[in-house]
Structures are given as C-alpha cells and as structure tokens.
Amino acid sequence: MRVYLDNAATTPIDPEVVIAMTDVLSNVYGNPSAQHAIGRNAKGLMEISRRKIAELINAKPSEILFTSGGTEADNIVIRSSVRDLGVKHIITSPIEHHAVLSTVEEMHHQGLAEMHLVNINDEGEIDYKHLEELATTYPGSLITLMHANNEIGTLLDIKKASEISKKHQCLFHSDTVQTMGHYKIDVQEMGMDFLACSAHKFNGPKGIGFLYLKSNQKLKSLITGGGQEKNLRAGTENIHGIVGLARALEISNSIMAEKQKRLQGYKSLMKDLIESQIPGVAFNGVAEPDKSLYTVLNVSLPPNPAGEMLLFKLDIDGVCASGGSACSSGASAGSHVLAAIHHPDDRTGVRFSFGKYTTEEDIRFAVDVLKKVISE
Ligand SMILES: Cc1ncc(COP(=O)(O)O)c(C=O)c1O
C-alpha cells in the first residue's frame with residue numbers, strides 16, 4: 001500500500017481537468033493573439049476561463065493575470081511594487097514561502113526596499129499589534145502575508161490584516177496558494193490589492209496560476225516581449241493550462257463544503273490517533289482542525305532513533321509525507337518556518353497534508369506506519 005499525504009506540496013490532477021485540457025491540446029491550437037477564426041477560438045476559451053475565475057473570487061475579469069504559478073505571481077507583486085509603484089518598505093513575516101521571502105530579501109539586500117518582519121508567536125500567528133505599529137511607522141508600505149502557512153497550517157486573519165493595511169495607505173498582498181480552492185476567497189470582502197494562486201494545489205495542472213490585481217494598481221510586466229495579458233506578461237498564453245486551472249477551481253469550489261467537513265474530520269482523527277499512541281508528541285502551529293488550514297497537520301516528534309531518516313523510512317513503508325515545504329530537501333532541519341517558531345532541534349517535524357482523494361484508511365495506515373517507524 002502507498003498513501004499520499006503530501007497534498008500541500010502538490011495534488012494529483014482531477015481526471016475531469018485532464019479531459020478539459022486534453023480537449024484543448026487536441027483541438028485548440030490557435031495563438032490567442034491571432035486575428036483569424038482559429039486564433040479567436042483560443043482567445044475565446046481563455047476569456048471564458050478568466051471570467052469563470054473572476055466570478056469565483058468576486059473580481060473583475062480584467063483583474064486576473066495568468067502566470068506560471070504562485071512563485072511568479074508573488075514575484076510580480078513584490079518586484080513591480082518596488083520598481084513601478086515607488087514602494088520603499090515591505091512588511092512581511094519570517095514564515096512566508098520562499099517565493100515571497102527570498103524576493104523581499106533580495107530587494108532589501110540590493111537597497112531597493114527595506115524589509116520589516118512582523119513578530120509571530122510560537123504557533124506562527126501574526127502579532128497584529130506589531131503589524132499596526134510597523135504600518136504606522138512605514139505608511140505606504142507593501143504588506144505581504146500568506147493566507148495559510150504551507151508548513152504548519154496557521155491561518156491569517158486576512159480581513160484584519162487588510163484593514164490595518166488600508167488604514168495606513170499600504171498595499172496588501174496575500175499568497176493564497178494554500179487556501180484557494182479550499183476556502184471561499186472573496187477579494188472584495190477580504191480587501192486585498194493582490195493575491196497569488198497556483199492550480200496544482202487544488203487538483204489542477206502544474207505550471208499555471210494567476211495573480212489577482214485590483215484594477216487601480218498599476219503593476220508592470222517583468223517579462224518583456226509581446227503585448228499579451230494587456231502588456232502585463234509577454235509570451236503566448238498557456239491555453240490548456242488556463243482551461244485546466246479554471247476547471248479545477250470550479251470543481252474545488254463546488255465541493256468545498258463537503259471536502260472541508262471530511263478533511264477536517266481526518267485531521268482531527270489523525271491528531272487524536274497520534275496523541276493517544278505516540279508519547280511525547282506535539283503539533284506545530286495552530287492544530288485545532290477548525291481554526292487552522294484543514295489540509296495540513298504538522299507533527300513534532302520527540303527525539304527518536306529514526307531521526308533524520310524518518311521521512312525516508314516512512315517512504316520505504318509506503319507513506320509520502322514531507323519535512324516542510326517541498327523545496328526543503330526532505331529534512332525538517334532546514335525549515336525556516338520551524339526555526340522561526342522555535343521548534344527544538346532535537347525533535348523532528350513531519351508534515352502530513354490531505355487532499356480530496358485522501359481516505360480514512362490512508363490516515364489509519366499512516367499512523368500505524370509512523371508508530372512502527374519511530375519505535376524501530
Ligand atoms: C504558500 C506557497 N506559495 C507559493 C508556492 C509556489 O507556487 P508554485 O509552485 O505554483 O510556483 C507554494 C507551493 O509550492 C506555496 O505553498
């Protein structure tokens with residue numbers, strides 16, 4: 001048996017999405033910038049997808065810019081805000097994804113914008129008082145805070161953060177890569193200026209995502225070339241990816257309530273089983289299933305003989321899990337998130353993450369394997 005509990009890294013693609021994409025790959029080859037019927041057909045499909053996505057997040061179609069994924073969307077916001085909107089200060093947190101953190105650090109080291117890190121507690125929650133202090137000291141900053149942390153699942157109070165941002169004339173960006181398709185996202189109600197989305201986190205294809213940019217924000221392209229995407233991103237558009245993204249988001253939103261209830265139940269079940277069967281265990285981040293990202297459970301294991309080899313051993317025994325973000329090579333020791341929440345070095349952090357194809361059997365199997373592996 002093999003169970004896949006690494007859905008925060010990526011998810012299996014939904015067969016219905018494959019059908020929609022295959023249809024485009026087989027039948028729609030036009031360049032959407034071409035004037036003729038074949039090109040207009042491709043453009044039509046792209047615009048239908050854009051409208052669908054806009055509707056699902058309560059935005060205007062013109063506010064959706066297709067990108068290669070979350071990393072690119074985060075980069076456009078940060079780099080273009082500094083280069084084109086005169087941003088001199090960026091307020092962020094020490095537990096952002098590297099797509100944000102490394103980009104902000106680069107701006108800081110190049111002397112283009114100053115980075116200010118908001119304090120967090122040991123569960124990864126933002127200190128909103130400190131956020132307000134930073135925004136008061138540096139009005140007009142770019143504030144970039146992720147909606148849910150990909151390693152420990154702690155959620156941001158996005159409305160509270162956006163209200164603080166507005167009060168101090170800041171720009172507010174949120175990386176919603178881990179929440180899009182799992183929670184209802186309404187850009188009007190949540191009040192963000194920008195958000196980043198990636199299709200492969202909700203059973204869509206890899207290499208496609210979008211940036212929401214509020215219509216009054218005048219970002220500019222990082223890639224020069226043709227005038228695609230209203231001069232915001234040069235290059236012929238990835239039509240099959242765009243159609244796949246829209247279909248995946250549509251499906252995810254339609255099953256959201258059922259999925260949330262079921263996966264929240266699995267998170268509770270796994271937490272309870274681990275707590276009752278593994279002495280000395282703890283959980284990283286806010287672990288209550290109804291108060292944190294329901295797709296992620298980050299387990300902190302006491303020092304055990306498996307140590308650094310834990311993930312490897314889980315894998316050998318049929319459980320795919322992760323030490324944190326997919327980008328950190330598999331060892332939890334390298335996680336900047338666990339370091340920032342003061343996770344003790346002698347303990348091991350393992351992230352189990354759930355998706356719509358996860359079953360109760362997967363959860364029970366994974367706990368049995370975990371128990372076996374750490375007692376060997
Ligand atoms: C929170 C977060 N932001 C950004 C990314 C990057 O997205 P992508 O893989 O589409 O570039 C990821 C996933 O890897 C993520 O979890």
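The values are calculated or read from the model by the stated rules, or taken from the named source; none is laboratory data. Just so it is clear, the model here is predicted, and its values are computed rather than measured. Positions of Cβ are backbone-derived with ideal geometry, glycine not excepted, and every protein chain shown enters the neighbour counts. All accessible areas refer to the heavy atoms of the entire protein, side chains included, with ligands and DNA or RNA removed. Shrake-Rupley method; radii C 1.70, N 1.55, O 1.52, S 1.80 Å.
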Look at V104 and say whether it is open to solvent by less than 10 Å² (accessible area, probe 1.4 Å), within 16 Å of the ligand (Cβ to nearest atom) and without any contact (Cβ under 8 Å) to a residue 60 or more places away in the chain.
yes
Counting only residues that are under 20 Å from A339 (Cβ atoms), touching a Gly at 6+ places or on another chain (Cβ under 8 Å) and part of a loop (DSSP other than H, G, I, E, B), the stretch 294-319 contains a total of 1
Residue match in the stretch 330-349 (condition: at pLDDT below 95 and among the hydrophobic types (A, V, I, L, M, F, W, C)):
yes
Looking only at strands (runs of 3 or more DSSP E) that fall completely inside the stretch 172-289, which ones have 2 or more residues that are open to solvent by less than 10 Å² (accessible area, probe 1.4 Å)?
194-198, 209-213
Failed condition for S68, given (1) under 27 Å from K230 (Cα atoms); (2) within 16 Å of the ligand (Cβ to nearest atom); (3) touching a helix residue (DSSP H, G or I) at 6+ places or on another chain (Cβ under 6 Å), with all others met?
(3)
From (1) closer than 30 Å to S300 by Cβ; (2) within 14 Å of the ligand (Cβ to nearest atom); (3) surrounded by fewer than 23 Cβ atoms within 10 Å (Cβ to Cβ), pick out the condition that doesn't hold for D157.
(2)
Selection from the stretch 56-67 of residues that are surrounded by fewer than 19 Cβ atoms within 10 Å (Cβ to Cβ) and more than 13 Å from L195 (Cβ to Cβ)
K60, P61, S62
I need a count of the residues in the stretch 148-161 that are touching a strand residue (DSSP E or B) at 6+ places or on another chain (Cβ under 9 Å) and either among the small types (G, A, S) or without any contact (Cβ under 8 Å) to a residue 40 or more places away in the chain (or both).
7
Just to be sure before I move on: is I143 out of contact with any Phe, Trp or Tyr (no Cβ under 7 Å at 6 or more places or on another chain), touching a residue at least 24 places away in the same chain (Cβ under 8 Å) and not in a helix (DSSP H, G or I) in the structure I sent?
no
